[in-house]
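Throughout, read-outs are computed from the coordinates displayed, never taken from laboratory work. None of these values were measured; they are calculated from a predicted model. Cβ: placed from backbone, ideal geometry, glycine included. Neighbour counts: every protein chain shown.
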Amino acid sequence: MKKVIIVGGGLVGALEAIYMAQRGYDVKVYEKRPDIRKANINAGKSINLVISKRGWASLEKVGLRQEIEPLTVPVYGRMTHDVKGNQNFIPYSSKKEPIYSVSRGGLNAKLLEIAEQYPNVELFFNEKCVNVDLNAPSVTFYNYETQKTQTVQGDLVIGADGAYSEVRNRLMRTDRYNYSQQYIEHGYKELHIPANEDGSPKIDVNALHIWPRKNFMLMALANLDNSFTCTLFFPFEGNPSFESIQTEEDLMKFFQTTFPDAVPLMPTLKEDYFSNPASSLVIIRCYPWHYQNKVVLIGDAAHAIVPFYGEGMNCGFEDCLEFDRILTETNDNLAKALPLYTQTRKPNGDAIADLSLRNFVEMRDLVADEKWLLRKKIEEHMYQKHPDKWIPLYSQVKFTTIPYAQALKEGQKHDAIMEKILALPDIQNKWNSEEIEQQILSML
């Protein structure tokens, strides 16, 4: 039985353990943090994620949809909140397809629980990766509790240890290894909307709530207990910014002016704001994602992205699915599988990084823009009438398994077409006419 060492027991590492266990490998997972299942997880205060079509496809392949779906809340569109408190619901899809909000901590705990049920999987916690011998391959871990180190050898090392991956750091010391990182000017801070005293929600649980304010935004996603996890995406410097808000008075003045309808929903705003850290957002690109037939990267270790498409986890889960497909295709020949995995997945990792930045602009700037809303109407009209010829970019990313690189290319083509269409005279009155429809079809 081939031995696999998975560095990182987060979402992607836990799912990869299940995939490799089902393939018959001997799997050992080493996680730097304590066991999340024994920690005190408050679902309302953990960072919420969304599961999209490709995330579900990856979970379904190993038979997990029925176990995971009860942890989720379906979300059918964006609910925008303007500065006057007016709300506008924008469906994600004319087909009423949802994405699914889920607690990071709750999902991680469930995947670890499932992984541990396999007799060929062992989980180890409080184990920090301190060195990787690429040629052995072996990994040296330092245990925070015993303060001792141990070196573990296997046939394959899988780096699933996140954006600041120690496995990738070792790969970066090999010849001709490419690496780049980009921090954006914005960070994020977690806030909270509790449920009402009777347990009912304060706002619609089946919508992603956005307070778009051009250069920054507040958003909220529902939890199973009808509370909401809120995230303030905000510049680190400038005015307004994390830097400019120093006192409770600064905070309340800013929120009452900028997000007035959110203030009554957030009784712990002051405590949450000043106790929760402002975290940075980084995009990481690297190449190759493997070393010989011995080491491979998956998830954020290979392609950390900003969270504005809600696809970081879905992309990581799809890594597991695609690596499994390639292992089957190559009869588990790692010398063939690892280069093919890099070649297949790297363009898609780059594409979702670009798409995520693009969606930040859409969410913070455009969702309240009349021209953008008209474009959405035209695109949904085309999608309903010609689903074989026109799928809106958001639907391609969230509701299909079309490769990200292909979706990005198609989206850029759509941009060029829609720029011409929106420039036509009187377009707001004839957007759904036969004439416009034919013009769009002629440009495809």
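Here is how the numbers come out for the structure above:
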item: Proximal aspartates and glutamates to Lys346, defined as alpha-carbon separation beneath 14 angstrom and excluding residues fewer than eight positions away on the same chain; result: Asp300, Glu318, Asp319, Glu322, Asp354
item: Dipole in debye (nearest 20) - the chain, about Cα centre, beta carbon charges: Lys, Arg +1; Asp, Glu -1; result: 780 debye
item: Burial ordering of Ile6, Ile210, fewest other beta-carbon atoms within 10 Å first; result: Ile210, Ile6
item: In degrees, nearest ten, helix 312-329 long axis to first principal axis of the chain (Cα); result: 50 degrees
item: Highest average packing first - 410-420, 350-360, Cβ atoms within 10 Å; result: 350-360, 410-420
item: Reach of Lys430 by Cα under 26 Å, taken over lysines that are not fewer than 8 positions away in the same chain; result: Lys95, Lys96, Lys371, Lys376, Lys377, Lys385, Lys389, Lys413, Lys420
item: By average C-beta atoms within 10 angstrom, highest first, the peptides 197-204, 49-56, 62-69; result: 49-56, 62-69, 197-204
item: DSSP bridge orientation in the chain - percent antiparallel, rounded to nearest 5; result: 75 percent
item: Test item: Cα-centred dipole of region 136-279, Lys/Arg +1 and Asp/Glu -1 on Cβ, debye; result: 620 debye
item: Dipole-positive endmost among Val132, Leu373, Pro74 within the chain (Cβ charges, Cα centre); result: Val132
item: For peptides 109-115, 326-332, sequence by mean Cβ density within 10 Å, most packed first; result: 109-115, 326-332
item: Value at 222 nm in deg cm²/dmol, rounded to 500, when DSSP H runs of n ≥ 4 in the chain each add -39,500 (n - 2.57); result: -11500 deg cm²/dmol
item: Unit charges at the beta carbon, dipole of region 1-93: most positive-side option, Ile18, Leu59, Val7; result: Val7
item: Proximal lysines relative to Lys32, as straight alpha-carbon distance under 17 Å, when same-chain residues fewer than 8 apart are discounted; result: Lys128, Lys148
